[in-house]
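The values are calculated or read from the model by the stated rules, or taken from the named source; none is laboratory data. Note that this is a predicted model, so its numbers are computed, not measured. Every residue, glycine as well, gets a Cβ built from its backbone with ideal geometry; the counts of neighbours run over all protein chains shown. Accessible surface areas use protein heavy atoms only, side chains included; no ligands, DNA or RNA. Shrake-Rupley method; radii C 1.70, N 1.55, O 1.52, S 1.80 Å.
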Amino acid sequence: MAQEIIYAPFTGTAVPMTQVPDPVFSENHIGQGVAVQPADGVVVSPADGVISALTRTNHAFCVTTDAGTELLIHIGIDTVKLEGKGFKCYVQKGQRVRRGDKVMKFDLRLCQKHNLNVISPCVVISSEEIAAVQPHTGPVKAGQTPILTLERT
């Protein structure tokens, strides 16, 4: 089996998905993964690939890795309520990115001011060729620390 390593999209602390206060994520309804409690507002690509989706409000995006895995990076919980305020996007749909490239920036203080939880899920949403998802928790550095090891069939 081949392995694929997914790196942290944020600097902060990676925690199990069960700590995300939203059952869509904590109960793996859209896929398995890990969440990061971000220390700052910079979001980078977790892998080499292509931006396959962007939300209008810039609170989430998808990257399809060069190995074909689609990842959802969701910035915070209920941050869609800000309607894009405090979010800046640096990429376009279809754009090629490398691991560590800046994708988004968000205002951490603004989210906290609005009592929005900034815990941010990183979810494997394509699972056809994925046999196992192994999350890694603890301190992480954006674009440098592995957060998921995927076993490919």
query = Out of these labelled values of Rg/Rh (Cα atoms, Kirkwood Rh), (i) 1.25; (ii) 0.93; (iii) 1.12, which was calculated from the coordinates shown here?
reply = (ii)
ask   = Any idea of residue 114's accessible area? Nearest 10 Å², probe 1.4 Å.
value = 90 Å²
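For the stretch 2-46, report the convex hull volume of the alpha-carbon atoms normalised per residue, in Å³, without decimals.
Value for the stretch 2-46: 92 Å³ per residue.
If I compute solvent accessible area with a 1.4 Å probe over the protein chains, what percent of it on the stretch 14-141 is carbon and sulfur?
On the stretch 14-141, the fraction of accessible area on carbon and sulfur atoms equals 46 percent.
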key: Which of 5, 73 is most accessible, then next, and so on - probe 1.4 Å   = 5, 73
note = Amide H proximity to residue 119 below 5 Å, modelled H, separation 5+ or other chain, gives 77
Computed [θ] at 222 nm, deg cm²/dmol, the chain (DSSP H ≥ 4; -39,500 (n - 2.57); rounded to nearest 500) = -1500 deg cm²/dmol
key: Positive dipole terminus of the chain, leading residue within 97, 112, 8 (C-beta point charges)   = 112
inquiry  = Taking the full set of protein chains and a 1.4 angstrom probe, give the accessible area of residue 101 in square angstrom, rounded to the nearest 10.
reply    = 60 Å²
request  = Take each of the peptides 49-56, 91-98, 143-150, average the number of other beta-carbon atoms within 10 Å over its residues, and list them starting from the highest.
outcome  = 143-150, 49-56, 91-98
inquiry  = Test of understanding: given the chain, find the longest segment containing no GluC sites (Glu not before Pro) that are in a DSSP loop and have at most 16 other Cβ atoms within 10 Å.
reply    = 28-82
request  = Give the accessible area for residue 42 in Å² (nearest 10); use a 1.4 Å probe, count only protein heavy atoms, and leave out ligands, DNA and RNA.
outcome  = 50 Å²
